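Quick notes on the structure that follows.
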Amino acid sequence: MKFGVVTFPGSNCDYDAFAAARLIGEDAEFLWHQETDLRGCDVIILPGGFAHGDYLRSGAIARFSPIMKAVARFAAEGGLVFGICNGFQVLLESGLLPGALIRNRDLRFRGRDVYIRVERNDLAFTSEYRVGDVLKIPIAHKDGNYYNFSGDVELLKKSNRVVFRYCDREGNVTDRSNPNGSADNIAGIVSESGNVMGMMPHPERAMESILGSSDGYRMFISIRNFINRSIGCEKA
Amino acid sequence: MSKNKATVFVRLKDGVLDPQGLTIEKAIKNMGYDMVNSVRSGRFFELELGGGENSKEKVTEICRKLLANPVIEKFEVDFDK
């Protein structure tokens, strides 16, 4: 299987995502934002960074990069699309996920490890975790405060589309453990169909314990297992 | 005659948290201007237009698609000759 990592001008976690895919022994390829073809990649990662300088709003310009048409088509056909940090912002601006990310409530750029709780493990991205698992994953952002009109947040909760929530080391979802003011401590959400996921924390930076945490490793393994299963089904 | 300039004002919708506005508000109060009750921040854009058909509609479309994020923001456009 092959991971596709989109590089926008200003992306800076594209190599981390690439390295994460390679670390689990899979193929990976960079896709320049001007391209219009996904070159047969099985999963598309929109990486972290500051696409197009984050001018106007984070993700607002990247949404109109030529490759995003192909990404939207791929998502509509059920392809796996995974937006991390800035990539999450791009997915929201594109309307592939609902809501918006506004400035952190304390106006600060936050770069540190946080704890997030797994709320769903029935997804292609999270099948290797258990519900309630607490992951230590770094964040690095200034615009990560998930905002939506309260009714919409309720709807997300009701339809069970919150995948990760900020929590403390023990897994308690508290205001203190919320690093950016996100509604309902939301750290990651998924599309209704379950194939498009966006999150602010960086699992691709938590792949080896020597780097502080390996809790992101199983996310990439989940994705690989899902793809391999679906490739197996096609062949059968 | 075609309109040749559009000024676009983008504001956060009412009720959307504006941490920047709140911070400026605090600064103003610290400066001693206690008659200021609240501050909301926003941004504006000036678009020079080259004429052509339906430019008003097209500018509105640009606002909707790019300059404002309809989830959290609203916009107004002033057209001057």
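The values are calculated or read from the model by the stated rules, or taken from the named source; none is laboratory data. Quick caveat, the model's predicted, so the values are computed rather than measured. Positions of Cβ are backbone-derived with ideal geometry, glycine not excepted, and every protein chain shown enters the neighbour counts.
Among the residues of the range A:139-194, those identified as within 14 Å of another protein chain (Cβ to nearest Cβ), without any contact (Cβ under 8 Å) to a residue 24 or more places away in the chain and either closer than 18 Å to A:ASN104 by Cα or buried (at least 20 other Cβ atoms within 10 Å of the Cβ) (or both) are A:PHE149, A:ASN178.
Out of the range A:105-145, which residues are closer than 18 Å to A:SER182 by Cα, part of a loop (DSSP other than H, G, I, E, B) and among the hydrophobic types (A, V, I, L, M, F, W, C)? Of everything in the range A:105-145, those that are closer than 18 Å to A:SER182 by Cα, part of a loop (DSSP other than H, G, I, E, B) and among the hydrophobic types (A, V, I, L, M, F, W, C) turn out to be A:LEU107, A:PHE109. Of the residues making up the range B:68-78, at least one is within 26 Å of A:GLY95 (Cα to Cα) and either in contact with a Ser or Thr (Cβ under 6 Å, 6 or more places away or on another chain) or surrounded by fewer than 14 Cβ atoms within 10 Å (Cβ to Cβ) (or both).
Of the residues making up the range A:195-220, those that are surrounded by fewer than 14 Cβ atoms within 10 Å (Cβ to Cβ) and either aliphatic (A, V, I, L, M) or under 19 Å from A:GLY49 (Cα atoms) (or both) are A:ILE210, A:LEU211. For the range A:80-104, the set of residues classified as touching a residue at least 12 places away in the same chain (Cβ under 8 Å), part of a loop (DSSP other than H, G, I, E, B) and within 14 Å of chain B (Cβ to nearest Cβ) consists of A:SER94, A:LEU96, A:LEU97, A:PRO98, A:GLY99, A:ARG103, A:ASN104, listed by residue number. Restricting A:VAL81, A:VAL118, A:VAL114, A:VAL90 to residues that are modelled with pLDDT of 95 or more, more than 27 Å from A:SER230 (Cα to Cα), β-branched (Val, Ile, Thr) and within 17 Å of the chain's Cα centre (by Cα) narrows the list to A:VAL114.
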